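Here is the structure we will look at, set down as structure tokens.
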Amino acid sequence: MSENSGRRRPLPVAAPLFDGNERAYVLECVESTWVSSIGPFIARFEQEFAGYCGVTHGIACSNGTTALHLALLGLGIGPGDEVIVPSLSYVATANAVRHCGAEPVFVDSDQVTWNLDPTLLDPLVTERTKAIIVVHLYGRPAPMDAVNAFARRHGLRVIEDAAEAHGAAYRGRRVGSLADVAAFSFFGNKIITCGEGGMVLTDDDEIAARVRQLKGQGQDPQRRYWFPIVGYNYRMTNVQAAIGLAQLERLDAFLHARAEIARWYRECLVETAAVVLPAPATDDETPVNWLFSVVLRVESAQAREAVMTKLRQQGIDTRPFFPAIHQLPPYVSFRGPADPSVAEWLGSRGVSLPTWVGMTREDVERAGDALRTAVKTMAPKLPTEARSDAPHELRSVGARVR
Ligand SMILES: *Cc1c(COP(=O)(O)O)cnc(C)c1O
């Protein structure tokens, strides 16, 4: 089809694909009447997903935020405790800390990987610090060796927020198996989905037992309707688990298709100086591609908005990076990175592009070409050198992607 042959199909940022056993499994739930939070798919999904990640225990729950909340509670995090959280993440990472009554302390991002910068952890630790949450942002594994070594030295626990990284690995081990406890999300735009859903993974029997009790109103596992502690209703339904299991069966194929999409975007955008691509993986990292995300060398968030509007007018949906959490109203009073931070810079310049299984090469090139053109129209305002208003030199990042 030529450029002018009429309207082309809209490209959303994300879209789930149900091309496996989803229908059959959901029908099984309906026909058996097991549609609530008891039923065979729940244990199957838990065991299969934990096994996939190389972890002993999987505890399914209602969403990724409740998974994070349960993971923190499983470690005994509570009021008065401090938890170090990357500032560049989805707000749920910090909200879960607040749900425990604990206080987030925000750590800045590494400008190359966009993940938390482990060299900045030291000054953040106080006698109240109990844990560090790492986020495998956009599917790239966080620097686990550095974080785990730091945590061991300071007697801290580590939680993986793996909501964006199903199937990613670090030094040959899957995310979800790299810390004390991990939380996954199966929201509709994630790599695999249950509609809404989450899971806690851990190798620790005690954490697993505590999480399982807390997600079901605190019921005594030996005695029905006896509640020795205050718990939550954070259960997953059999229907959600049925969809999740069918999605899990497709995960490797999905990851393969997403890797291909990422490769097409890179080929399309590699020559565009104003678009900073994700840095190539190191030998330690086996990333997955959640949303293919880039950073625009534009002078402001408004300029980014103008680029995104241009794409939207062509039916191409994009998404800005998360704003740095320490800038959000509920979090401005908590300790955050020094000003100006890498997290704010990325948060105001980053854009996620359509990334979903079923995109054709033509779709990817259409989005990539539209981005190139839109960024170029901003070019008169772009000096060739890195921006003077940018707090951090990005030429080194550019050098890595060329
Ligand atoms: C999606 C996401 C969550 C929350 O998951 P929900 O299922 O939407 O509650 C948490 N952390 C990160 C990094 C996410 O991307």
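The values are calculated or read from the model by the stated rules, or taken from the named source; none is laboratory data. Given the structure is predicted, the values throughout are model-derived calculations rather than measurements. Here Cβ is always computed from backbone atoms with ideal geometry, including for glycine, and neighbour counts include all displayed protein chains. Heads up: the accessible areas ignore ligands, DNA and RNA and are worked out on the full protein's heavy atoms, side chains in. Shrake-Rupley method; radii C 1.70, N 1.55, O 1.52, S 1.80 Å.
Figures for the structure shown
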| read-out | value |
| --- | --- |
| Computed over region 219-268, the ratio Rg/Rh where both radii use C-alpha atoms and Rh is Kirkwood | 1.37 |
| Antiparallel content of DSSP bridges confined to the chain, in %, to 5 | 55 percent |
| Region 201-317: projected area of the alpha-carbon convex hull, averaged over directions, in nm² | 12.9 nm² |
| Aspartates and glutamates whose Cα lies under 20 Å from that of LYS215, excluding same-chain neighbours fewer than 8 positions away | GLU46, GLU48, GLU160, ASP161, ASP180, GLU196, ASP203, ASP204, ASP205, GLU206 |
| Estimated dipole of region 246-306 in Debye, rounded to 20 [Cβ of Lys and Arg +1, of Asp and Glu -1, Cα centre] | 200 debye |
| Cα coordinate range in the chain, projected on the principal axes (Å, largest first) | 70, 54, 38 |
| GLU31-LYS376 FRET efficiency (beta carbon distance; Förster radius 51 Å; 0.05 resolution) | 0.35 |
| Among LEU277, LEU120, LEU245, residue whose mean-square fluctuation peaks in a GNM of the chain (springs only between Cα atoms under 10 Å) | LEU120 |
| Antiparallel bridge percentage (DSSP; both residues within region 91-195; nearest 5) | 25 percent |
| Helix-only CD estimate at 222 nm, as mean residue ellipticity for the chain, using -39500 (n - 2.57) per DSSP H run (n ≥ 4) | -11500 deg cm²/dmol |
| With every protein chain in place, the chain: carbon and sulfur % of accessible area (1.4 Å) | 52 percent |
| Part-to-part distance (alpha-carbon centres) for region 323-341 and region 241-319, which is given in Å | 26 Å |
| Rg ratio (alpha-carbon, reference 2.2 N^0.38 Å) - region 64-171 | 0.96 |
| Qualifying aspartates and glutamates (Cα of each under 19 Å from Cα of LYS310; at least 8 residues distant if same chain) | GLU3, GLU299, GLU362, ASP363, GLU365, ASP369 |
| P(r) histogram, all alpha-carbon pairs of region 254-359 included - 5 Å bins from 0, percent | 2, 11, 18, 21, 20, 14, 9, 5, 1 |
| Selection from LEU137, ALA183, CYS194 lying farthest towards where the dipole of region 74-204 points positive, charges on Cβ | CYS194 |
| Stokes-Einstein D in µm²/s, Kirkwood radius over Cα pairs - region 150-234 at 20 °C with 1.002 mPa s viscosity | 148 µm²/s |
| Gyration tensor (Cα) of region 294-344, equivalent ellipsoid semi-axes in angstrom | 27, 12, 8 |
| Region 109-133 versus region 163-228: alpha-carbon centroid distance in Å | 23 Å |
| Rounded to 5, the percent of DSSP beta bridges in region 73-153 classed as antiparallel | 10 percent |
| Accessible area of the chain divided out per residue, in Å², using a probe of 1.4 angstrom | 43 Å² |
| Percent breakdown of C-alpha pair distances by 10 Å bin, ordered from the shortest bin, for region 1-105 | 12, 25, 27, 21, 11, 4, 0 |
| Selection from PHE106, TYR90, GLY78, by position along the positive dipole direction of region 1-122 (Cβ) | TYR90 |
| Cα-based radius of gyration of region 112-162 once divided by 2.2 N^0.38 Å, which approximates compact folds | 1.09 |
| The chain: DSSP helices with Cα axial extent of at least 27 Å and average Kyte-Doolittle hydropathy no lower than -1.0 | 238-269 |
| Distance in nm between pseudo-label sites at GLN313 and SER300 (7 Å out along the Cβ direction from Cα) | 1.9 nm |
| Positive-end extreme of charge dipole, region 196-327 - chosen from LEU296, LEU248, MET236 (charges on Cβ) | MET236 |
| Total charge dipole magnitude, the chain, about the Cα centre, Cβ charges on Lys, Arg, Asp, Glu only, Debye to nearest 20 | 680 debye |
| Cβ charges +1 (Lys, Arg) and -1 (Asp, Glu), total dipole of region 55-133, debye | 340 debye |
